[in-house]
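Colleague: Got a structure for you, written out below as structure tokens; questions coming shortly.
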Amino acid sequence: VFYLNYEDTASEFCETAWKVVLISGLVTFLGFPILMAVIGTPLFSANDYKTIVTIEQGDFNNDIPEALDTDIMDVKTAINIGSRVMGEIDNVSQYVISDEYNMIIYQGKTYRVSPLLYASTFKAWGNKGISGYVLVDCNTQEAKLVKLEEKIYYSPSAIFGNDLKRHVRTNYPSALIGKFQFEIDEDGKPYYIVPTYKNKIGIFTGKVLDTILVVNASSGEITEYTLDKLPEWIDHADSVSHMMKNANYV
């Protein structure tokens with residue numbers, strides 16, 4: 001009888017021990033990320049957030065000379081002006097003009113630029129490339145449809161392997177990727193600029209710019225740059241919203 005009682009007690013002890021180990025492991029697995037995220041908030045890491053942006057003394061007139069002569073045009077105005085060239089688009093029912101209209105300096109002048117997109121997933125299915133993009137001159141307020149010899153095959157509106165986000169994620173599966181922004185180089189070739197980030201505070205928080213991925217929208221070729229090696233024609237290395245978010249911590 002004593003043997004049976006001892007065996008039952010040992011069995012119950014082992015069962016309880018396994019439950020404790022299992023629950024402890026589960027709590028640790030679920031609780032650790034939450035704990036790290038909480039510790040990484042400005043409430044607990046205020047001093048780290050204050051230094052997330054490096055402040056240097058500069059001279060606006062010398063550091064940002066282009067800004068003095070830049071013609072300003074808001075996105076809403078660019079959308080209205082850009083819509084005037086819809087009739088020039090071949091197979092116009094297949095496409096729409098993106099509302100992106102990024103401001104760029106192109107060949108010494110200020111423009112708003114926006115790509116054509118497939119009008120729907122169904123339209124992307126039967127199409128073979130996007131024919132061009134729209135340029136709006138911020139000075140003359142004239143729109144121009146630029147038709148490309150090498151069409152845009154990698155786009156946010158494309159499907160399967162030509163879907164831009166899928167293409168970038170396939171090549172950089174572990175990268176913290178930011179906003180995709182459309183730009184053109186000085187030869188008018190189309191690219192998507194994609195910032196990648198690293199966490200500066202803790203494990204999951206304090207995102208700062210790390211590298212820049214430049215995706216050729218025609219060929220899909222991706223080139224990765226550090227900030228000090230970034231081509232001069234790129235005007236949107238990072239999104240304004242992310243830069244302002246970090247600047248507000250200072």
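The values are calculated or read from the model by the stated rules, or taken from the named source; none is laboratory data. Keep in mind the model is a prediction, meaning the values are calculated, not measured. No Cβ is skipped: glycine too gets one built from the backbone with ideal geometry, and neighbour counts run over all protein chains shown. Surface areas here come from the heavy atoms of the whole protein model, side chains and all, with no ligands, DNA or RNA. Shrake-Rupley method; radii C 1.70, N 1.55, O 1.52, S 1.80 Å.
Colleague: Here are some residues: L164, L148. Which one is among the aliphatic types (A, V, I, L, M), in contact with a Ser or Thr (Cβ under 6 Å, 6 or more places away or on another chain) and farther than 16 Å from M103 by Cα?
Modeller: So the residue among L164, L148 that is among the aliphatic types (A, V, I, L, M), in contact with a Ser or Thr (Cβ under 6 Å, 6 or more places away or on another chain) and farther than 16 Å from M103 by Cα is L164.
Colleague: Let me ask something additional. Filter segment 160-187 for residues that are open to solvent by less than 40 Å² (accessible area, probe 1.4 Å) and touching a residue at least 40 places away in the same chain (Cβ under 8 Å) and give the result.
Modeller: L164, H167, V168, G178, Q181, F182, E183, I184, D185
Colleague: Only residues in segment 219-247 that are in a loop (DSSP other than H, G, I, E, B) count as the first member; pair them with residues that are at pLDDT 95 or above and of a type in the set (D, E), Cβ under 7 angstrom, at least 6 apart or cross-chain, and list the lot.
Modeller: If the second residue must be at pLDDT 95 or above and of a type in the set (D, E), the pairs left are W233/D185; W233/E186; I234/E183; D235/E183; H236/E183.
Colleague: Suppose the filter is open to solvent by 10 Å² or more (accessible area, probe 1.4 Å), touching a helix residue (DSSP H, G or I) at 6+ places or on another chain (Cβ under 7 Å) and basic (K, R); does K151 pass it?
Modeller: It is false that K151 is open to solvent by 10 Å² or more (accessible area, probe 1.4 Å), touching a helix residue (DSSP H, G or I) at 6+ places or on another chain (Cβ under 7 Å) and basic (K, R).
Colleague: Moving on. Search segment 163-195 for residues being over 19 Å from L116 (Cα atoms) and of a type in the set (A, V, I, L, M, F, W, C), and hand back the single one that is nearest to the chain's Cα centre (by Cα).
Modeller: Only one residue fits best here, namely I177.
Colleague: Can you tell me how many residues in segment 106-162 are closer than 11 Å to A217 by Cα, of a type in the set (A, V, I, L, M) and either part of a helix (DSSP H, G or I) or over 25 Å from the mean Cα position of the chain (by Cα) (or both)?
Modeller: Number satisfying all stated conditions: 0.
Colleague: From (1) surrounded by fewer than 21 Cβ atoms within 10 Å (Cβ to Cβ); (2) touching an Asp or Glu at 6+ places or on another chain (Cβ under 6 Å); (3) modelled with pLDDT of 95 or more, pick out the condition that doesn't hold for N139.
Modeller: Single failed check for N139: (3).
Colleague: Counting just the residues of segment 163-184 that are part of a strand (DSSP E or B) and not hydrophobic (A, V, I, L, M, F, W, C), which one comes out nearest to R84 (Cα to Cα)?
Modeller: Of everything passing the filter in segment 163-184, E183 is nearest to R84 (Cα to Cα).
Colleague: Sticking with this structure for a sec: Of all residues in segment 217-230, which are surrounded by 13 or more Cβ atoms within 10 Å (Cβ to Cβ) and either within 26 Å of K109 (Cα to Cα) or more than 17 Å from the chain's Cα centre (by Cα) (or both)?
Modeller: Within segment 217-230, A217, S218, Y225, L230 meet the criteria.
Colleague: OK, next. Give all pairs with beta carbons closer than 9 Å in which a residue from segment 92-103 that is closer than 14 Å to Q181 by Cα meets a residue that is open to solvent by less than 60 Å² (accessible area, probe 1.4 Å) and part of a loop (DSSP other than H, G, I, E, B); count only pairs at least 6 apart in sequence or on separate chains.
Modeller: Taking only residues 6 or more apart or on different chains, the pairs are S98/S157; Y101/M73; N102/H236; M103/T70; M103/M73; M103/C138; M103/H236.
Colleague: Go through segment 71-85 and count every residue that is touching a helix residue (DSSP H, G or I) at 6+ places or on another chain (Cβ under 9 Å) and surrounded by fewer than 15 Cβ atoms within 10 Å (Cβ to Cβ).
Modeller: Of the residues in segment 71-85, 0 are touching a helix residue (DSSP H, G or I) at 6+ places or on another chain (Cβ under 9 Å) and surrounded by fewer than 15 Cβ atoms within 10 Å (Cβ to Cβ).
Colleague: Are any of the residues in segment 94-103 over 25 Å from the mean Cα position of the chain (by Cα), surrounded by 15 or more Cβ atoms within 10 Å (Cβ to Cβ) and within 17 Å of S218 (Cβ to Cβ)?
Modeller: Looking for residues that are over 25 Å from the mean Cα position of the chain (by Cα), surrounded by 15 or more Cβ atoms within 10 Å (Cβ to Cβ) and within 17 Å of S218 (Cβ to Cβ), one finds none in segment 94-103, hence no.
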